[in-house]
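S.K.: Once you've had a glance at the structure underneath, I'll fire off some questions.
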Amino acid sequence: MPAYLNSDALWRNNIGSLMAILILGGMLVQPICSYLSARFNKTLLQALISALGLLAAIGIVLVKSVLGLSLCLFALGAAAFALYPIAICQACYKASATSIVAITELMLLSYSLGSIIGPLFAGLGTQSSQALPMYLAAIFVTTSVYMLLVASKSGTLPEPV
């Protein structure tokens, strides 16, 4: 993200502040995630958070002001940092106490591999100046659609009125 921000002259002078805002979004969402995760269906919650990340990634491409970019980065940080704890909570739901450590270890390994492989795939993308936000948008839309499909298959989507 810092390299992406540095590539645009509009954001170059504010990289440190913008990165702090992204991380702040991730930090401030944690208590909200705990609250929502205990009260809502985790599959739907992941779909909604992924949709927020999708909107933020698209917004990063479209905004032309530091304030607009700050809001998009805050939302992107919130979405990116919220998915992992909710996924852990969902994976451990109804799991026996003896398998929780194994489940969290496997998810941490998957997360770590994704953190390594993801940027490599992002680098293989087009050399467009918008490659990073579009990569993030693709990841978020895929996650959101998958979670909605899982929710519809398990019958956890609300019935239409």
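S.K.: How about region 27-59: which of its residues are surrounded by 15 or more Cβ atoms within 10 Å (Cβ to Cβ) and charged (D, E, K, R)?
M.R.: K42
S.K.: Moving to a separate point now. For I117, only one of the following conditions fails: (1) touching a residue at least 12 places away in the same chain (Cβ under 8 Å); (2) closer than 27 Å to A20 by Cβ. What is its number?
M.R.: Tallying (1) touching a residue at least 12 places away in the same chain (Cβ under 8 Å); (2) closer than 27 Å to A20 by Cβ, I117 fails exactly one: (1).
S.K.: Next question. Quick test of your reading of the structure: A97 fulfils all but one of (1) part of a helix (DSSP H, G or I); (2) modelled with pLDDT of 85 or more. Name the failing condition by number.
M.R.: Going through (1) part of a helix (DSSP H, G or I); (2) modelled with pLDDT of 85 or more one by one, A97 breaks only (1).
S.K.: Would you pick out the residues in region 2-21 that are surrounded by 17 or more Cβ atoms within 10 Å (Cβ to Cβ) and in contact (Cβ under 8 Å) with a residue 60 or more places away in the chain?
M.R.: Answer for region 2-21, where residues must be surrounded by 17 or more Cβ atoms within 10 Å (Cβ to Cβ) and in contact (Cβ under 8 Å) with a residue 60 or more places away in the chain: just Y4.
S.K.: Moving on to the next point. Taking only pairs six or more apart or across chains, which ones have beta-carbon atoms under 9 Å, a first residue in region 85-104 that is within 22 Å of P31 (Cα to Cα), and a second residue that is of a type in the set (S, T, Y) and open to solvent by 60 Å² or more (accessible area, probe 1.4 Å)?
M.R.: Once the first residue is within 22 Å of P31 (Cα to Cα) and sits in region 85-104, its partners that are of a type in the set (S, T, Y) and open to solvent by 60 Å² or more (accessible area, probe 1.4 Å) give P85/S34; A87/Y111; C89/S34.
S.K.: Is it true that K64 is part of a loop (DSSP other than H, G, I, E, B) and of a type in the set (K, R)?
M.R.: Values: part of a loop (DSSP other than H, G, I, E, B): yes; of a type in the set (K, R): yes.
Against the criterion (part of a loop (DSSP other than H, G, I, E, B) and of a type in the set (K, R)), K64 qualifies.
S.K.: Scan L62, L24 and give me the residue that is open to solvent by 50 Å² or more (accessible area, probe 1.4 Å) and either hydroxyl-bearing (S, T, Y) or without any contact (Cβ under 8 Å) to a residue 40 or more places away in the chain (or both). Spell out how you get there, then give the answer.
M.R.: Values: L24 fails: either hydroxyl-bearing (S, T, Y) or without any contact (Cβ under 8 Å) to a residue 40 or more places away in the chain (or both).
So the residue among L62, L24 that is open to solvent by 50 Å² or more (accessible area, probe 1.4 Å) and either hydroxyl-bearing (S, T, Y) or without any contact (Cβ under 8 Å) to a residue 40 or more places away in the chain (or both) is L62.
S.K.: Is one or more of the residues making up region 121-135 in contact with a Ser or Thr (Cβ under 9 Å, 6 or more places away or on another chain), of a type outside the set (D, E) and in a loop (DSSP other than H, G, I, E, B)?
M.R.: Yes: region 121-135 contains one or more residues that are in contact with a Ser or Thr (Cβ under 9 Å, 6 or more places away or on another chain), of a type outside the set (D, E) and in a loop (DSSP other than H, G, I, E, B).
S.K.: Still on this model: Test F121 against the stated conditions and say whether it is open to solvent by 40 Å² or more (accessible area, probe 1.4 Å) and either under 30 Å from A9 (Cβ atoms) or modelled with pLDDT under 90 (or both).
M.R.: Numbers: open to solvent by 40 Å² or more (accessible area, probe 1.4 Å): yes; either under 30 Å from A9 (Cβ atoms) or modelled with pLDDT under 90 (or both): yes.
For F121, the condition - open to solvent by 40 Å² or more (accessible area, probe 1.4 Å) and either under 30 Å from A9 (Cβ atoms) or modelled with pLDDT under 90 (or both) - is met.
S.K.: Something else about it: So, C72, is that one within 13 Å of the chain's Cα centre (by Cα), open to solvent by less than 40 Å² (accessible area, probe 1.4 Å) and closer than 19 Å to A9 by Cα or not?
M.R.: In short, yes.
The values are calculated or read from the model by the stated rules, or taken from the named source; none is laboratory data. Bear in mind the structure is a predicted one, so any value in this text is a computation, not a measurement. For neighbour counting, all protein chains shown are included, and Cβ atoms are generated from backbone atoms with ideal geometry for every residue, glycine included. Areas reflect the complete protein model, heavy atoms only, side chains present, ligands, DNA and RNA absent. Shrake-Rupley method; radii C 1.70, N 1.55, O 1.52, S 1.80 Å.
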